[in-house]
Each structure stands twice: as structure tokens, then as C-alpha cells.
Number of protein chains: 2
Amino acid sequence: MPESDPLYEGRNGDGSGNETRAALMEATYKALSEYGYADLTVERIGEEFEKSVSLIYHHYDGKDALLVDFLDTMLDRLEADIALDEHENAHVHLRALFDRVLSPSLDDERYAMISAITELRGQAPHDETYREQFTRSDRLLHDRIAEIVRRGIDQGVFRDVDPDRTAEMLLVTINGAMTERVTTTNEATVRAVRHELDEYVRLRLLDDEHS
Amino acid sequence: MPESDPLYEGRNGDGSGNETRAALMEATYKALSEYGYADLTVERIGEEFEKSVSLIYHHYDGKDALLVDFLDTMLDRLEADIALDEHENAHVHLRALFDRVLSPSLDDERYAMISAITELRGQAPHDETYREQFTRSDRLLHDRIAEIVRRGIDQGVFRDVDPDRTAEMLLVTINGAMTERVTTTNEATVRAVRHELDEYVRLRLLDDEHS
């Protein structure tokens, strides 16, 4: 987006651009939750947005361009869930990550966020733009998790495993559990997966001294 | 569907009804791969189908009713992947299951099948019918895997773990890896997950004598 864009102006200044953008993202999220991807239109997003629909069209070519930007916002939030603290014990960090992404209960906002990501992921098999977006974001999450594992090895807390392989296993299992949660009514999933992931970490990663 | 339904008649007789239905499922699958869920219409499915569009409307209320039936067909195929053989060693059976669902290469048909399931799963967060369908099918896959684990315990091959918890972990990880495969271009996922799942099974399930 151009820097002179009125929707985003003041982004690093008085914050009004940020607020407008946040309101648009909120509107997108509400409309997506209500209608689902297939029945979503820019007009319907506009109904949830206090400003004009033409302002949306001024910034985005259409629904998909807006949704790709929206997905970026959602993924930034997800990434914030695994923010790094270099000095923390890697095992403690990993458990804190599990606590957040696999918490037994899910507030409405987080449920809606995971639902939205799952719906947009459903576009990726036949839409290259979404596929690129998920490739990029999953790589980023992968790299963050691999960094935690690598740090654990350096700290002498974890065994000398392959950090990339371990990270991919954790990422895919977490993604699978989050998807299961919003696409089924199976209640036991998250608790079961959390328990087994803890066991996987204990048996596969923890050094004998620490397990 | 009523038994007198011309699309399905002869289903258990001369097989012609089965063939017509298979052709319609094939057409649905091609159209879904080409257009994706959002741009899919009964008319577009009809273009891939040698018989008339009105025949489709005679049997289904619309796109979603047809897709729910289509999803049933896809899930039957997936279920066939983990067919039980009571006399087989449970560890051998589990590895054979991994070989099939996490094979390093994926033929076009299987890729299209997993893509279709992923796309339809993307409808589930805001559509109760799809959510019920995935709840049912994931429970069924869960039960099949739990049965293998239970058999392994009876055979003395596996430790006395909780079969349901283990099955949920395996199901969610496999689903997550299959989704990753069709929604990103990350090449390393399947091999990494396969390796770590084998390690999880070895460390968590295999009796000391067998590991």
C-alpha cells in the first residue's frame, strides 16, 4: 500500500491510520465469521465498517486482496504468541507456547481468529496467493519454534536433535489441533494432544538429567 | 436418497447406478479442483458430467448437499487407507498407515482428494453441516487408530498407554501434515513429520523389548 494512503496515514504518527486499519480488520473478521469466505463480499465487510465501502475499494482491488492483508494481521497475532525471550529456559518457553495455543478453553476472539485462518487456509489448495501466504507464515512459525529448540540444545536442556524436524512436528501438530477445534465438536482433542505433546517433548527432547 | 432414485438405481444390481454416481463424484472433484469451493456451482459440476444438470438437481438440493455426499465418498476412501487386519502386528499396521498417508510423493488423484477435503474443512468453522460431517469422520478415523493401538497393547507390542489419547495425537498430526502439504509449498514437512512420528511411536508406544 502507498505511504500516502489515507487509510493508513498517520500509521507511525498520531495513530489514526492504525485505528482505521484496525477497525477495517475487525470488520473483515466479523463479516468473515458471519458469512464465511464463500458468501463474503466487500459490501458485507462495509456493513461492519463505520467508514465508506469506497474507502475499502480505494485501498484494495477486491475481497481477496483485503483478505490477504487480513491474514497477515491474524498471523502477526499468532506469531506474537511465540515471541522469543532469549534468556528463558527453552523447555519453559515451549510449555508456555503450548499453554497459549492449546489452552483448554478458547475465548471468542481467539476462536474467531483460528476459524478465520482455517477458512482462508481452505482457499490455498486452488489459490496460489493464499498458498504463498501460508508457506511464508508457516516457515516463519517453524523458524521461531526451531530457534527455541536450538536454544534448548545450547542451554543443555534438550538433546542434540534436529531442530528443523522437531519444529515441523510441533508446528503441524499444533496446526492440526487448532483446525480440529474449529471444524469439529470433538471436545477431547486439545487436552489429549497437549498431554501427548508434553510426552513427546519429555521423551524426545529432554536430556536425561532434566526429564 | 430414496432407493428408487434413478441416479442410484441398480446400485446393488447391475452396477449402472454406481457408475453414474461415480461419474458425478468424479465431476464434482474435477470442478472443485478447478474452481475451488467459492466459485463452484452445480452448473460447473454439470459441465464435467456427461449427464444432464437437471439430473443433479433431481437428487440434490444444491451445491452443499452434493458436496456433503461427495465428502462422504472422499472420507470412505481415506478410511479404506486404514482398513483393519486383526491378525497383523499393530506396529507393522501403524507403519503401513504412515506409509500411505505420509508417503513422500503424492499422485495427482490423492493430491486432489486431500485438497478437496481441506477446502471443505475450510467451510466447517461457519457451517454446522460440514462441522457435523468432520466430527463424524474424524471420530471414525480416531476409533480405527485407537483400535490399532488397543490391539498392540493386547499383543504385548505396545505399552499400556491411553489408546484414545494416542489416537488423537496421531490423527491430528496426520491431518496437520496433509493440510500443510496442499496449502503450502514447504517440501520438507512430510518427511520430517514421518520421522518424528516414528520416534514418537518408538519412545512412547513400543515396549522396551520391541524398541
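The values are calculated or read from the model by the stated rules, or taken from the named source; none is laboratory data. Predicted model, so just to flag it, every value in this text is computed and none were measured. As a convention, Cβ positions derive from the backbone with ideal geometry for all residues, glycine included, and neighbour counts pool all protein chains shown. Accessible surface areas use protein heavy atoms only, side chains included; no ligands, DNA or RNA. Shrake-Rupley method; radii C 1.70, N 1.55, O 1.52, S 1.80 Å.
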Matching residues, segment A:179-192, being assigned to a helix (DSSP H, G or I) and either over 19 Å from A:Met113 (Cβ atoms) or open to solvent by 20 Å² or more (accessible area, probe 1.4 Å) (or both)
A:Thr179, A:Arg181, A:Arg191, A:Ala192
Could you pull out the residue among A:Arg77, A:Arg100 that is open to solvent by 20 Å² or more (accessible area, probe 1.4 Å), closer than 29 Å to A:Arg44 by Cβ and not acidic (Asp, Glu)?
A:Arg77
In the set A:Val101, A:Val149, the lone residue that is at pLDDT below 90 and among the β-branched types (Val, Ile, Thr) is A:Val101
Can we say B:Glu86 is open to solvent by 40 Å² or more (accessible area, probe 1.4 Å), at pLDDT below 90 and touching a Lys or Arg at 6+ places or on another chain (Cβ under 8 Å)?
yes
Taking the condition closer than 21 Å to B:Ser103 by Cβ and more than 8 Å from chain A (Cβ to nearest Cβ), does B:Val190 pass?
yes
Among residues of segment A:117-128, those that are under 16 Å from A:Glu180 (Cα atoms) and more than 8 Å from chain B (Cβ to nearest Cβ), counted
1
Of the residues that make up segment A:154-173, is at least one in a strand (DSSP E or B) and in contact (Cβ under 8 Å) with a residue 24 or more places away in the chain?
yes
Per-region count, segment A:116-126, residues of a type outside the set (A, V, I, L, M, F, W, C), at pLDDT 90 or above and either farther than 16 Å from B:Asp127 by Cα or open to solvent by less than 10 Å² (accessible area, probe 1.4 Å) (or both):
4
Of the residues in segment A:149-178, how many are within 12 Å of another protein chain (Cβ to nearest Cβ) and open to solvent by 30 Å² or more (accessible area, probe 1.4 Å)?
4
Considering only segment A:42-60, how many residues are within 18 Å of B:Ala38 (Cα to Cα) and either charged (D, E, K, R) or in contact with a Phe, Trp or Tyr (Cβ under 8 Å, 6 or more places away or on another chain) (or both)?
3
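Yes/no matrix, rows are residues, columns are (1) over 25 Å from A:Asn186 (Cβ atoms); (2) more than 9 Å from chain B (Cβ to nearest Cβ):
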site	(1), (2)
A:His91	yes, yes
A:Pro104	no, yes
A:Tyr130	yes, no
A:Arg139	yes, no
Determine if segment A:131-148 includes at least one residue that is among the polar types (S, T, N, Q), open to solvent by 60 Å² or more (accessible area, probe 1.4 Å) and over 26 Å from A:Ser105 (Cβ atoms).
no
Count of segment A:18-46 residues which are at pLDDT below 90, within 13 Å of chain B (Cβ to nearest Cβ) and open to solvent by 10 Å² or more (accessible area, probe 1.4 Å):
8
Report the residue count in segment B:73-97 for those that are closer than 30 Å to B:Asn18 by Cα and in contact (Cβ under 8 Å) with a residue 12 or more places away in the chain.
11
Tell me whether segment A:195-211 contains one or more residues that are closer than 17 Å to B:Glu180 by Cβ, modelled with pLDDT under 95, open to solvent by 40 Å² or more (accessible area, probe 1.4 Å) and away from chain B (no Cβ under 11 Å).
no
Checklist (1) at pLDDT 90 or above; (2) under 19 Å from B:Ser115 (Cα atoms); (3) of a type outside the set (S, T, N, Q); (4) open to solvent by 20 Å² or more (accessible area, probe 1.4 Å) applied to A:Asp61, failing item:
(2)
